[in-house]
Amino acid sequence: MPLISVFVILVFLITGSITSQLEANENPTNPDYIEWAVRMARSEMTRRGTNPRANWEYAQTVLSLAMMELGDNTNQTDISAYGKNLIAPCVNLDGSIRGYDPKIQSLDMVAPARAIMIIYNNSKEDRYRKAAALIWKQLVDQPKTSEGGFWHKQRYPYQLWLDSAYMSGPFAAMYAKSFNEPRGYTFVVNELTLIDKHMFDNTTGLYFHGWDEKHEQDWSNKTTGTSPSFWSRGLGWYAMALLDVQDSFPAHDPRALEFNSILQKVAYAIERYQDHGSGLWRQVTDQGPREGNYLEASASAMFVYTLAKGINQGYISRERYLPVAQRGFNGLIKQLVKTKPNGIIDLTQICLSAGLGYGRNGTFAYYIKEPIVDNDPKGVGPFIMACIQMQQLQSKSY
């Protein structure tokens, strides 16, 4: 064989081996996303025990929603029943809700009603209809800004938060659809578009965590009213809401076009601030590997979910954003999912909580000092949801 031919063959083999290795690193062993979701769900069931305590609170709701969806999709009824039991026992036979105080007027207390709407639509039990009506009344009475945006809580006057979009929007849209209450759609449009109007930053392409209409809060910019920094999970709440509200919007409602226009900006920001080394996103979105700015699991899972569902629904480009979502998912598995000797998996590096006011000033230093925990439902729930959407991406042919 001529020497030149041997050289060509060697080059081909070497470059082919390198290419194969790169592909393997990018898409490790053609992962079964649903299997990751099931492993995480069953790990959480082991951690919480056979009789989990039901709580009327937003974090547990995200896990409840994820497990009900996963159980339904995989015909594993014990998983869906477990998810239901994280919230449903809070609803008494008369429709009253254990652990719910309407006087607080907190949008965090609205979020669990989304799980109740799913349970009601499946069972038609009157207790759940009555419970949903209680929460709907709160939204009708919820204090609002002069333009109709919900205050995040009574104790946070004239403030829009990114979190509010997810806590209130999907429930409002579901209630509007199930009970022919068109005001619910108006509530959603107001909340999502006013956040975009007041909290989008043209310089970074990101959304500030909060906005104070009166410009009076210690954390608010006296000119713009916005908070100082960009918190990744806050953007994650907003991103997921932009997609999830559309599950209940009327077909061809022109107002949904506004959501998709905003979603394009959000997807671009998610792509722009992805950490190139890990494929993940950091606690403070735009600060890169600044000291203390750790790779944060809940936001990373929310961003993967957003991109994957956005592609599945046809709202954003598959060609552009699938590689971003895949890198993000791979980063979660490689960097933040840890397997114990008994096979249980943990999701690590989750910000426990963050907010504004009452000593929380919204600065970089504040966000990186909040406690970091493992297996918080605000991370585990979105991780399971992201797995479901990634599985759908893999199953679809285009």
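The values are calculated or read from the model by the stated rules, or taken from the named source; none is laboratory data. Just so we're clear, the structure is a prediction, and the values are computed from it rather than from any experiment. In this analysis, Cβ positions are derived from the backbone assuming ideal geometry, glycine residues included, and neighbour counts consider all displayed protein chains.
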Restricting attention to segment 299-315, which residues are more than 13 Å from the chain's Cα centre (by Cα) and surrounded by 24 or more Cβ atoms within 10 Å (Cβ to Cβ)?
311
Specify the residue that is farthest from residue 369 (Cα to Cα); the eligible residues are those in segment 277-304 that are among the hydrophobic types (A, V, I, L, M, F, W, C) and out of contact with any Lys or Arg (no Cβ under 8 Å at 6 or more places or on another chain).
304
Determine if segment 128-139 includes at least one residue that is farther than 22 Å from residue 60 by Cα and aliphatic (A, V, I, L, M).
no
Residue check for residue 165: in a helix (DSSP H, G or I), more than 30 Å from residue 232 (Cβ to Cβ) and either hydrophobic (A, V, I, L, M, F, W, C) or in contact with a Cys (Cβ under 7 Å, 6 or more places away or on another chain) (or both)
no
Yes or no: residue 374 buried (at least 16 other Cβ atoms within 10 Å of the Cβ), more than 18 Å from residue 235 (Cα to Cα) and of a type in the set (Asp, Glu)?
no
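Quick grid of which residues meet (1) of a type outside the set (A, V, I, L, M); (2) within 24 Å of residue 376 (Cα to Cα):
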residue: 73; (1), (2): yes, yes
residue: 102; (1), (2): yes, no
residue: 110; (1), (2): no, yes
residue: 145; (1), (2): yes, no
Matching residues, segment 119-137, being crowded, with 20+ Cβ neighbours inside 10 Å and within 28 Å of residue 353 (Cα to Cα)
119, 131, 132, 135, 136
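Residue by residue, here is whether (1) surrounded by fewer than 19 Cβ atoms within 10 Å (Cβ to Cβ); (2) free of Cβ contacts under 8 Å to residues at least 12 places away in the same chain holds:
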{"site": "332", "(1), (2)": "no, no"}
{"site": "337", "(1), (2)": "yes, no"}
{"site": "341", "(1), (2)": "yes, yes"}
{"site": "344", "(1), (2)": "yes, no"}
{"site": "356", "(1), (2)": "no, no"}
{"site": "378", "(1), (2)": "no, no"}
{"site": "388", "(1), (2)": "no, no"}
Need the failing condition index for residue 296 against (1) in contact (Cβ under 8 Å) with a residue 60 or more places away in the chain; (2) surrounded by fewer than 22 Cβ atoms within 10 Å (Cβ to Cβ); (3) in contact with a strand residue (DSSP E or B) (Cβ under 6 Å, 6 or more places away or on another chain), just the number.
(2)
Looking only at segment 261-291, count how many residues are of a type outside the set (Val, Ile, Thr), in contact with a strand residue (DSSP E or B) (Cβ under 9 Å, 6 or more places away or on another chain), surrounded by 14 or more Cβ atoms within 10 Å (Cβ to Cβ) and within 23 Å of residue 363 (Cβ to Cβ).
7
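Looking only at segment 86-120, which residues are of a type in the set (Lys, Arg) and in contact with a helix residue (DSSP H, G or I) (Cβ under 8 Å, 6 or more places away or on another chain)? Full working, then the answer.
Initially, segment 86-120 is screened for residues of a type in the set (Lys, Arg), giving 98, 103, 114.
98, 114 - these are the residues of segment 86-120 that are of a type in the set (Lys, Arg) and in contact with a helix residue (DSSP H, G or I) (Cβ under 8 Å, 6 or more places away or on another chain).
Any residue at all in segment 176-185 that is modelled with pLDDT of 95 or more, buried (at least 24 other Cβ atoms within 10 Å of the Cβ) and farther than 16 Å from residue 137 by Cβ? Show your work before the answer.
First pass over segment 176-185, keeping only residues modelled with pLDDT of 95 or more: 176-185.
Narrowing the set further to residues that are buried (at least 24 other Cβ atoms within 10 Å of the Cβ) leaves 184.
Narrowing further to those that are farther than 16 Å from residue 137 by Cβ: none.
No: zero hits.
Being of a type in the set (D, E, K, R) and over 25 Å from the mean Cα position of the chain (by Cα) is the filter here, so list the residues in segment 138-152 that pass it. Write out each step before concluding.
First, the residues of segment 138-152 that are of a type in the set (D, E, K, R): 141, 144, 147.
If the condition is that a residue be of a type in the set (D, E, K, R) and over 25 Å from the mean Cα position of the chain (by Cα), then 141, 147 are the ones that fit.
Each row is one residue, and each column tells you yes or no for (1) in a strand (DSSP E or B); (2) in contact (Cβ under 8 Å) with a residue 60 or more places away in the chain; (3) of a type in the set (Val, Ile, Thr).
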position	(1), (2), (3)
169	no, yes, no
191	no, no, no
196	no, yes, no
204	no, yes, yes
Neighbours by Cβ (under 9 Å, 6+ apart or cross-chain): first from segment 223-237, farther than 12 Å from residue 270 by Cβ; second at pLDDT below 95 and part of a loop (DSSP other than H, G, I, E, B):
none
